[in-house]
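The values are calculated or read from the model by the stated rules, or taken from the named source; none is laboratory data. Predicted, not measured: the structure shown is a model, and the values here were computed from it. FYI the Cβ positions are ideal-geometry reconstructions off the backbone, even for glycines, and counts take in every protein chain you see. Areas reflect the complete protein model, heavy atoms only, side chains present, ligands, DNA and RNA absent. Shrake-Rupley method; radii C 1.70, N 1.55, O 1.52, S 1.80 Å.
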Amino acid sequence: MAMRSSTATSLLSRTLLLRATSSSPHLLEPSAHRVPRVGSRAASSSSSSGSGDPSGQEPAPAPMDSPIKVFSHLRGGGAGAGGAAIDAGGSARKPLSLWPGMYHSPVTNALWEARSSIFERKMDAGGNAEAGPQTELLTKTPAQSRTTIVYKFATDDILREQYRDPWNEVRIGKLLEDLDALAGTIAVKHCSDDDSTTRPLLLVTASVDKMVLMKPLRLDTEVKIVGAVTYVGRSSIDIQIEVTQIDQDGDTQSDPIALTANFTFVARDSVTGKSAPVNRLSPETEREKQLYEETEALDKVKKRKREEQKGVLEKGVHKLGAEAERLKALLAEGRVFSDFPALADRDSILMKDTRLENSLICQPQQRNLYGRIFGGFLMHRAFELAFSTAYAFVGQRPCFLEVDHVDFLKPVDVGDFLRFKSCVLFTQLENKWQPLVNVEVVAHVTRPELRKSEISNTFHFTFSVGSDALKNGLNIRNVVPSTEEEARRILNRMDAEGLFD
């Protein structure tokens, strides 16, 4: 009887509650009963395309170079300078097919919101399939694509927690993800022709030049990221991004740059898949003209090197003969490990014994606006594995120094079986106070049904260790190859680094 009475009382209470809430809808307001979701709101974009307003009214466009302010939690419409805040967790924009998955950071939310308005305008005009390609190229300035992001780590506790690593520094993997998203947004801005009757271009990351971290990024002050187009070819776009620390007083003039990244995107026709011309670039300031000339010269050097490599491949037999002595020297120590393991140098280790690997199925939540896997996600995962590999090899927390040039050889699609394989390729121990650990990460797209595997990307990261660990007598071992294939990978990497005369 007691149980029946308790059940009846519970049902009566629930009935009364439902009646009360139906007559007073405000009782279900999220602001009164729910904890704000982390990373669900980002502020307005600096793009002239504007951002969505939940009220249905379009706010006045923000200045082209106004920063995207990154927030970590829900804010009401109109919050923040420069326009209404972007609800990245539940945007009212349409159509839904334009939006990538939910694998976002607060920054990627804001950036995808900025570029989605361009695609929506074209979709609303009748769809991409019926629209024709852009027939008249425009001339744009770097200022028209320049985008600024400010991370308010000093005042936003939740945002700071999202980007904090275990050692209270900025997570480099998440930063790489954000840099790729920012570069893609800048490319979309430059290629937009403001004509809803033309179909948008398909923009893909072709390569990322070497990125050197010149100082650790702290979490007690703001971080600022600024990017713009520096050079364009017929169908390629070069973008430079600078990461700086901002003092509490907001003075950025005296702040040294923490990191510089250079991305190259290529344009493809979204229907035919062929290369497509992009809008021209007209630099205005002296700095913009200097960057244009430097990037143009660098582009010519890259083309010449590609031609030289092609010629080397055609004369592969002669190249193998010239490398015989270098291969022999590299393999000598490895053969000692194989033939006389008890007599091998205890300060050395075989490359194969430094390997780590992880695998994943690429999910829809990790896709970009074009339905492919977000390139920043790949760089993020590669960095995390490289960091773990260096950590396991050194025995102390490694310090990230740089990521070398990355070529995106093959796109990765939703549903692909992706395998990341890493190893310590070689070490540089000449400088006892800054030994270098070079880690290679290779991403393989694997298709078990076809018994097929292809390389999508190859990443090369360089790490060192803290001075305190070195003062305490930390010893870093030399890495030696055990096969000719491993030795060739080391030689190719050393040649790329310019370590041989």
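Does ARG381 satisfy the condition of being out of contact with any Leu (no Cβ under 6 Å at 6 or more places or on another chain) and assigned to a helix (DSSP H, G or I)? So ARG381 passes the test. In region 450-471, the condition of being under 18 Å from GLY395 (Cα atoms), open to solvent by 60 Å² or more (accessible area, probe 1.4 Å) and among the polar types (S, T, N, Q) is met by at least one residue. Taken together, LYS300, LYS315, LYS319 contain a single residue that is open to solvent by 70 Å² or more (accessible area, probe 1.4 Å), out of contact with any Phe, Trp or Tyr (no Cβ under 6 Å at 6 or more places or on another chain) and modelled with pLDDT of 75 or more, which is LYS300. Only one of the numbered conditions (1) touching a helix residue (DSSP H, G or I) at 6+ places or on another chain (Cβ under 6 Å); (2) in contact (Cβ under 8 Å) with a residue 40 or more places away in the chain is violated by ALA382, and that is (1). If the condition is being among the charged types (D, E, K, R) and assigned to a helix (DSSP H, G or I), then region 384-412 contributes only GLU384. Residues that are surrounded by fewer than 24 Cβ atoms within 10 Å (Cβ to Cβ) and either on the phi > 0 side of the Ramachandran plot or free of Cβ contacts under 8 Å to residues at least 60 places away in the same chain (or both) within region 176-201 comprise just one, ASP194. Selection within region 482-501: residues that are hydrophobic (A, V, I, L, M, F, W, C) and part of a helix (DSSP H, G or I). The member of this set that is modelled with the lowest pLDDT is ALA496. Taking the conditions exactly as written (among the acidic types (Asp, Glu) and open to solvent by less than 40 Å² (accessible area, probe 1.4 Å)), does ASP404 satisfy them or not? Spelling it out, ASP404 is indeed among the acidic types (Asp, Glu) and open to solvent by less than 40 Å² (accessible area, probe 1.4 Å).
I'd like the residue in region 151-175 that is surrounded by fewer than 16 Cβ atoms within 10 Å (Cβ to Cβ) and polar (S, T, N, Q) and, out of all such residues, is farthest from LEU259 (Cα to Cα). Break it down stepwise before answering.
Residues of region 151-175 surrounded by fewer than 16 Cβ atoms within 10 Å (Cβ to Cβ): 155, 157-158, 161, 164-169.
From what is left, the residues that are polar (S, T, N, Q) are 155, 168.
Details: THR155: 23, ASN168: 18 Å.
Step by step, filter region 151-175, then rank; the result is THR155.
Against the numbered list (1) touching a residue at least 40 places away in the same chain (Cβ under 8 Å); (2) of a type in the set (Ser, Thr, Tyr); (3) in a strand (DSSP E or B), TYR370 comes up short only at (3). Counting just the residues of region 325-358 that are assigned to a helix (DSSP H, G or I) and among the basic types (Lys, Arg), which one comes out surrounded by the most Cβ atoms within 10 Å (Cβ to Cβ)? The residue in question is ARG326. Filtering region 435-481 to residues that are in a helix (DSSP H, G or I), more than 18 Å from THR389 (Cβ to Cβ) and in contact (Cβ under 8 Å) with a residue 24 or more places away in the chain leaves PRO448, SER467, LEU470. Return the residues of region 202-235 that are open to solvent by 30 Å² or more (accessible area, probe 1.4 Å) and assigned to a loop (DSSP other than H, G, I, E, B); say none if nothing qualifies. Listed by number, the residues that qualify are LYS210, MET214, LYS215, PRO216, ASP220, ARG234. Scanning region 414-441 for residues that are open to solvent by 20 Å² or more (accessible area, probe 1.4 Å) and touching a strand residue (DSSP E or B) at 6+ places or on another chain (Cβ under 8 Å) yields VAL414, GLY415, PHE417, ARG419, LYS421, GLN428, LEU429, GLN434, LEU436.
The criterion of being under 24 Å from LEU201 (Cα atoms) and among the basic types (Lys, Arg) does not hold for ARG355.
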